[in-house]
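First comes the structure, then the notes that go with it.
The values are calculated or read from the model by the stated rules, or taken from the named source; none is laboratory data. This structure is a prediction, so every number in the text was calculated from the model and none was measured. Reconstructed Cβ throughout: ideal geometry from the backbone, glycine too, with neighbour counts over all protein chains shown. Ligands, DNA and RNA are stripped out before the accessible areas are found, and what is left, the full protein with its side chains, is counted by its heavy atoms. Shrake-Rupley method; radii C 1.70, N 1.55, O 1.52, S 1.80 Å.
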Amino acid sequence: MPSSRRGIHLRYTFETAATPGQQRAEIENPLFDLLSAVQAEGSISAAARALDNSYRHAWGALKHWEEVLGAPLVLWGQGRHARLTPFAQRLLWAERQARVRMTPHVEALRAELARVFALADDAALQVLEIFASHDLGLPRLQALAEEHDGLHIGLRFAGSQEALRALGEGRCRVAGFHVAQDAAPDSVMARALRPLLQPGEHQLIGSHWRRQGWIWRPGEERPDGIAALGSGRWRFVARQPASGTRLLTDHLLAQHGVTPQDVPGYTTHMEDTHVAVAAAIASGAADVGIGIEAAAAEAGLAFAPLVDENYYLLCRKQDLETPPLRALRARLASPAWAEALARLPGYGVQQPGEVLSLTGALPWWRDARPKK
């Protein structure tokens, strides 16, 4: 059996610690325990006794692992000691080497799991699930909330439309999305997001603004405008469909009469995050893309602004005064949140923590209202 077809599955268990403070990471695997015992004892029966198993169990386990790995593991004959095959010897050696290298990392993982499960015992800990369009500021908000507020934010990045759908379907308590500050009522963004927003049911919470624009490699030429993408000269890396940035880019193309099929890579090279877009450009897999300034700076790429946008959080109206939402709003309004964003290029707070009217805050509703 080719090694590429062998899968590796990791698992961990809970157990009661006999002596507090003496826990340590243990890397265990029944195959390597059995091979080590056979190597040390010289027979399957003795190896079974050493492992407190029956001969039948040890024999069956060896046959099972030989079938899984596609190679014999033990050689034995009448009146001769059992010994490992050369393949089994190499396998056992490689596992021991990996165990030595990985034990410190596994211990770190065990300690982290112990920490988070200890948090689960804390009745004061609050948990808030957020689906949100990809953003470099939100992980900083997540860290601040957990460190200072006893609020654990389960953050999952998705496109703006997917995040709003998740809120509507009850898969999260808060959704994060962004819109261009000058988005018009007939824009692609307005048409895509407005059906997912219900003024009587949803409540908007201010958070921050950020800047989106061209990203390209320093020293190379970028398009002098959206219309130039239609020339086919630049390989474009796009965001995934239904993401807020993809809606923004779709809108910009439509404004300038450029169809997606005219832009190399637009419908074939797509990434799920701003960081991945920047990485694709930095690696040379694409020439240009549209993303946030902070992602370009992080990757050492050039950036030119196109649009400023507001990033909002949305919840159901009945959840607004629950303890997790009150803690979230207070953290957004804190100086620490403003300081965290100030360290990101092209970021800043925008009515942080304020409860806003959907129809008053979003540009396509504001601009669509009849003038008195």
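Brief remarks follow.
- Backbone HN-Hα couplings from phi across the range 154-162 [Karplus 6.51/-1.76/1.60, Hz, Gly and Pro as x]: x, 9, 10, 7, 8, x, 4, 5, 5
- Cα-based shape type of the range 266-342, given that a ≥ b ≥ c are square roots of the gyration tensor eigenvalues and the cut on a/c is 1.5: prolate
- Under 5 Å, built H, 5+ apart or other chain: amide partners of W234: none
- Computing Rg and Dmax of the Cα atoms in Å for the structure here picks out one of [x] 28.2, 103; [y] 19.5, 61; [z] 21.9, 67, namely [x].
- Charge dipole (the chain, unit charges on Cβ, about Cα centre) - positive-most of V116, G219, N29: N29
- Springs join every pair of Cα atoms under 10 Å in this Gaussian network model of the chain, and among H81, H178, H251 the largest mean-square fluctuation is at H81.
- With all protein chains in place and a 1.4 Å probe, the accessible surface of the chain carries 52 percent carbon and sulfur.
- Amide proton proximity set for G154, modelled H, under 5 Å, gap of 5+: L128, E129, I130
- Cα gyration tensor category, rounded, prolate or oblate, for the range 154-216 with a/c compared to 1.5: oblate
- Among D33, D149, D224, residue whose mean-square fluctuation peaks in a GNM of the chain (springs only between Cα atoms under 10 Å): D33
- Residue (of G206, W234, W76) at the positive-pole extreme of the chain, dipole from beta-carbon charges: W76
- When each of the peptides 257-267, 300-310, 128-138 is scored by the mean number of other C-beta atoms lying within 10 Å of its residues, the order from highest to lowest reads 128-138, 300-310, 257-267.
- Across the range 258-271, computed HN-Hα scalar couplings (Karplus, 6.51 cos²θ - 1.76 cosθ + 1.60, θ = phi - 60°) run 9, 8, x, 5, 7, 10, x, x, 4, 9, 10, 10, 10, 10 Hz from first to last residue, x flagging Gly and Pro.
- Accessible area per residue, Å², the chain with all protein chains present, probe 1.4 Å: 53
- Top of R49, R239, R165 by mean-square fluctuation, Gaussian network on the chain, Cα under 10 Å: R49
- Gain on full stretching of the segment that runs from H57 to E220 - 0.36 nm per residue minus C-alpha separation: 52.1 nm
- MRE, 222 nm, helices only [DSSP H, n ≥ 4, -39500 (n - 2.57), over the chain, to nearest 500]: -12000 deg cm²/dmol
- Rounded, prolate or oblate (a/c below 1.5 giving rounded, otherwise prolate when a/b exceeds b/c) for the range 98-253 by Cα gyration tensor: oblate
- Compared with the dominant Cα axis of the chain, that is its longest principal axis, helix 86-120 is turned about 50°.
- Using the Karplus relation 6.51 cos²θ - 1.76 cosθ + 1.60 with θ = phi - 60°, the per-residue 3J(HN,Hα) values for the range 68-76 come to 5, 7, x, 7, x, 10, 10, 10, 7 Hz, with x marking Gly and Pro.
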